[in-house]
Amino acid sequence: MARVVVDVMLKPEILDPQGQAVQRALPRLGFEGISDVRQGKRFELEVDGPVDDAALARIRELAESFLANTVIENFDVKVEDLPGAPGDAPAATVTAGEAK
Amino acid sequence: MTVRPSATATDGSAGRPNVRIGVVTFPGSLDDRDTQRAIRLAGAEPVPLWHKDRSLGQVDAVVLPGGFSYGDYLRAGSISRFSPVMGTVVERAREGMPVLGICNGFQVLTEAHLLPGAMLGNEHLHFICRDQKLRVENAGTAWTTDYEAGQEIHIPLKNMDGRYVADERTLDMLEAEGRVVFRYAGDDDSTGYPPTEQASPNGSLRRIAGICNAEGNVVGLMPHPEHATDPLVGTGRTDGLPFFTSILRTFVEGAAA
């Protein structure tokens, strides 16, 4: 079993008032030196079976047509090895490519 | 633009064609009943449609009403876009059937790519509910022929995700092709929130309140014409009624031609 993570972010040119509200609150909370905050969405998909090229292609299609609206958002698909999985590799991430 | 006046029956009064306008109910729709009522007030026959049905019956046009759909849990309109009824609405819209999306319906139309751009949360992050002045920019669509270009109207605006965005190229194309149908008008900042994009109440780019597709049969807007069709309620004006008389005229004149 593996986890595939889909990160969805507003495109850089799209105004993000939620991120701005978070950024404006930071000095009040004692966090200095952070000039910009942008807020996005992270989807963690637990995949049954191997995450091969075909499975990744389907997940990319899902991200492009549903999880993200590519008119306003970019997305990024990553495979995460879960701790305790066979081989017990340290949580390495493989970037499977970014949307244009 | 091309419309197919499939309505040939008459309602018996002055031999007027019986125009049937479908109103889709999604799980979470709020304004489907008001929309049906507005259609009846205009003299057409409202036909309730259910999101799980692929069939649109014998309707001549479809309205996607305001409210919510499937909770809008991911993005407003993103899940309803895949509902069975939308498969048929998209197909028929591409063939020329008039479709009007109001508020959540507009969000569904952008998610379904029947209209360009996308809707995001209001720039000031607050829900907004007020009477809104609009300027009619295009009185040539299937849904706006009973207005005049340049006319100013007041209809209610109530939304959380009303910020229309698109890239500059798309915005320029919409303007060049006359596809901005309504713009937020007036300089009043009665929202009480910080000024937004050129004083549009929700930060919509270029103050865009409504747009149409290239053919003019698909129109979407954030404000709610169906809430301004009876002098007794809402704004006390009937500035929204021409949407529904326009579509009736589209078919009556189409049938007479």
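The table below lists the values:
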| item | result |
| --- | --- |
| Candidates B:G140, B:G150, B:G87 - the one that is assigned to a helix (DSSP H, G or I), in contact (Cβ under 8 Å) with a residue 12 or more places away in the chain and open to solvent by 10 Å² or more (accessible area, probe 1.4 Å) | B:G87 |
| Identity of the residue in the range B:212-251, β-branched (V, I, T) and in contact with a strand residue (DSSP E or B) (Cβ under 6 Å, 6 or more places away or on another chain), that ends up farthest from B:N122 (Cα to Cα) | B:I247 |
| Scope the range B:10-25; condition modelled with pLDDT of 95 or more and either surrounded by fewer than 16 Cβ atoms within 10 Å (Cβ to Cβ) or closer than 22 Å to B:P223 by Cα (or both); matching residues | B:I21, B:G22, B:V23, B:V24, B:T25 |
| Test: residue in the range B:138-161 that is within 14 Å of chain A (Cβ to nearest Cβ) and in contact with a strand residue (DSSP E or B) (Cβ under 9 Å, 6 or more places away or on another chain) | yes |
| B:L74 being part of a loop (DSSP other than H, G, I, E, B) and within 14 Å of another protein chain (Cβ to nearest Cβ) | yes |
| Pairs with Cβ under 7 Å, 6+ apart, first in the range A:56-81 and in contact (Cβ under 8 Å) with a residue 24 or more places away in the chain, second open to solvent by 50 Å² or more (accessible area, probe 1.4 Å) and basic (K, R) | A:V77/A:R60; A:E80/A:R3 |
| Positions within the range B:46-63 being of a type in the set (G, A, S) and more than 17 Å from the chain's Cα centre (by Cα), in sequence order | B:S55, B:G57 |
| Residue that is more than 17 Å from the chain's Cα centre (by Cα) and either surrounded by 22 or more Cβ atoms within 10 Å (Cβ to Cβ) or farther than 21 Å from A:V71 by Cα (or both), where the choices are B:G96, B:G43, B:G66, B:G77 | B:G43 |
| Unique match (being within 12 Å of chain A (Cβ to nearest Cβ) and open to solvent by less than 10 Å² (accessible area, probe 1.4 Å)) among B:V165, B:V181 | B:V165 |
| Lone unmet requirement of (1) over 22 Å from B:L74 (Cα atoms); (2) charged (D, E, K, R); (3) surrounded by 16 or more Cβ atoms within 10 Å (Cβ to Cβ); (4) within 14 Å of chain B (Cβ to nearest Cβ) for A:D16 | (1) |
| Extreme residue, farthest from B:G236 (Cα to Cα), among residues of the range B:123-132 that are surrounded by fewer than 19 Cβ atoms within 10 Å (Cβ to Cβ) and of a type outside the set (A, V, I, L, M, F, W, C) | B:H126 |
| Scan of the range B:103-126 for residues that are more than 14 Å from chain A (Cβ to nearest Cβ) and either in a loop (DSSP other than H, G, I, E, B) or charged (D, E, K, R) (or both), ordered by number | B:C103 |
| When residues of the range A:52-76 are limited to those that are touching an Asp or Glu at 6+ places or on another chain (Cβ under 8 Å) and in a strand (DSSP E or B), the one least open to solvent (accessible area, probe 1.4 Å) | A:F75 |
| Qualifying residue in the range B:34-56 (condition: modelled with pLDDT of 95 or more, assigned to a strand (DSSP E or B), of a type outside the set (G, A, S) and in contact with a Leu (Cβ under 7 Å, 6 or more places away or on another chain)) | yes |
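The values are calculated or read from the model by the stated rules, or taken from the named source; none is laboratory data. Quick caveat: nothing in here was measured; it's all calculated off a predicted structure. All Cβ positions, even for glycine, are placed from backbone atoms using ideal geometry, and neighbour counts span all protein chains on display. Remember, those area values only see protein heavy atoms, side chains included, never the ligands or the DNA or RNA. Shrake-Rupley method; radii C 1.70, N 1.55, O 1.52, S 1.80 Å.
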